[in-house]
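None of the figures in this text is laboratory data; all of them are computed from the coordinates on show. In this text, all values refer to a predicted model and were calculated from it rather than measured experimentally. So basically every Cβ, Gly included, is an ideal-geometry build from the backbone, and we count neighbours across all protein chains shown.
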Amino acid sequence: MIMNLHTHTHHSPDAAQTVAERITAANALGLKYMAITDHVEINRYYPAEYYHAEETEEYFYNGKGVFEASAAETESLKATCAPLTLLTGAEIGQIPQDIEKSALIYNDPRVDLILGSVHELPGRPDFYFLDYAKEDIPALVTAYFEEVLRLAQTDCYDILAHLTYGLRYLPNRRAYDLTPHRGLIDEILMTVIRKGKAIELNGSGLRKPQPYIDPDLMLIKRFRELGGEHLTISTDAHDTKYLGFGVDLLEDMARTAGFDRLTVFRRHEPCFVNL
Ligand SMILES: [Zn+2]
Ligand SMILES: [Zn+2]
């Protein structure tokens, strides 16, 4: 197993286990590269009190505190985790909503890589919590991809995470026809390519009763067709038991899509690793 560049630890409000525990598991699996990318929802960068709000299951606050603790623990273990190469990162949600604070994290000298994610649209809850019976679904999906395009146009990420997150919780997700959104998706992919950034093959959906990968093979192939070079693999593990889940399959998918190498980022510099 080459890499898992998207993992959450006990520093994220929805995940468990320390970085040290993850390193032991990664070496047991034979992973070569693992990035620690705890949650920083940039629109809730400060603790809940700052916003006169309450911390709930739906809303993660204090991204700044999460990042500081996660980066400190990760950095302290980098020198002693061989044969694994450990990378310091963060998953920043909603970058276009606060580019200035996103840049603070992106430019932190400890950071190897940043995942850019859209988990929610401005003023709306995470897609996980939407009541889809009350939504105009094609309009919602268009708004999602428009927000991803705004993210892709920034300079605060290395890897565009889970490109189709906005579809993840749709009723009958696998039957949803992306054809009307293809132009917008091409624009996102071309922006990522022009900026020398990566997209990820996120395997968290492989753990679901109706398994999927995010994005699907058709979009990975399209990325390649348009000239995409930088692809990463991740399980988005929130628990050690999923650290290597589906990685072999994701590597096969990458090959099928026409990739013979993957990319890792060290201090934001892309480096190829043969598949
Ligand atoms: Zn995410
Ligand atoms: Zn994640």
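Once the dipole of the range 3-274 is set up with Lys and Arg at +1 and Asp and Glu at -1 on Cβ about the Cα centre, which of Thr85, Gly63, Thr74 lies farthest towards its positive end?
Thr85
Can you work out the Karplus-derived ³J(HN,Hα) for every residue in the range 116-126? Use 6.51 cos²θ - 1.76 cosθ + 1.60 with θ = phi - 60°, whole Hz, and x for glycine or proline.
Result, rounded to whole Hz: x, 10, 10, 9, 8, 8, x, x, 10, x, 3.
At 7 Å along Cα-to-Cβ for each site, give me the label-to-label distance between Leu275 and Tyr176 in nm.
2.5
Student exercise: in the chain, how many lysine pairs 8 or more apart or on different chains have Cα atoms under 22 Å apart?
11
Just Pro13, Pro109, Pro122 to compare: in a GNM of the chain, with alpha carbon springs under 10 Å, which one fluctuates most?
Pro109
Using just the Cα positions, wrap the range 3-274 in a convex hull and report its mean projected area in square nanometres, one decimal place.
So the Cα hull casts an average projection of 13.3 nm².
Using amide H atoms built 1.01 Å from N in the peptide plane, name the residues 5+ places from Tyr45, or on other chains, whose amide H lies under 5 Å from its own.
Placed amide hydrogens put Gly63 under 5 Å from Tyr45.
Apply the a/c threshold of 1.5 to the C-alpha gyration tensor of the range 20-60 and tell me whether it is rounded, prolate or oblate.
Since a/c reaches 1.5 and a/b is larger than b/c, the shape of the range 20-60 is classed as prolate.
Given the rule -39500 (n - 2.57) for each run of at least 4 DSSP H residues, summed and divided by the residues of the chain, what is its mean residue ellipticity at 222 nm, to the nearest 500 deg cm²/dmol?
-9000 deg cm²/dmol
Which of the three applies to the range 200-274, rounded, prolate or oblate, going by the alpha-carbon gyration tensor with a ≥ b ≥ c and a/c under 1.5 meaning rounded?
oblate
At 0.36 nm per residue, and after removing the present C-alpha to C-alpha distance, how many nm does the segment from Met218 to Lys134 gain when stretched out fully?
27.3 nm is the gain from fully extending Met218 to Lys134.
For the range 180-272, what is the charge dipole size about the Cα centre, in debye to the nearest 20, if Lys and Arg each add +1 at the Cβ and Asp and Glu each add -1 at the Cβ?
180
Of all beta bridges DSSP finds with both residues in the range 3-274, what is the antiparallel percent, to the nearest 5?
25
What percent does the relative contact order of the chain come to when contacts are Cα pairs within less than 8 Å and at least six residues apart?
21
Local charge sum around Ala28 (other residues, Cβ-Cβ under 14 Å, Lys/Arg +1, Asp/Glu -1)?
+2
Could you give me the ³J(HN,Hα) list for the range 225-235, computed from phi with Karplus coefficients 6.51, -1.76, 1.60 and θ = phi - 60°, whole Hz, x at Gly and Pro?
Working through the residues one at a time gives 4, 7, x, x, 10, 9, 10, 10, 10, 8, 10 Hz.
Given H placed 1.01 Å from N in the peptide plane, which residues other than close sequence neighbours of Arg261 have an amide H under 5 Å from its amide H?
Leu275
Using amide H atoms built 1.01 Å from N in the peptide plane, name the residues 5+ places from Leu201, or on other chains, whose amide H lies under 5 Å from its own.
Those lying under 5 Å, H to H, from Leu201 are Thr232, Ile233, Ser234.
State to the nearest 20 debye the size of the charge dipole of the chain about its Cα centre, where the only charges are +1 on K and R beta carbons and -1 on D and E beta carbons.
So the dipole magnitude of the chain works out to roughly 860 debye.
Lys and Arg at +1, Asp and Glu at -1: add these up for the other residues within a Cβ distance under 14 Å of Thr88 and post the number.
Here the charged neighbours net out to -4.
Remind me, relative contact order of the range 188-275 in percent, using alpha carbon pairs under 8 angstrom and six or more residues apart?
27
Let me have the relative contact order for the range 57-131, percent, based on Cα pairs under 8 Å that are six or more residues apart.
30
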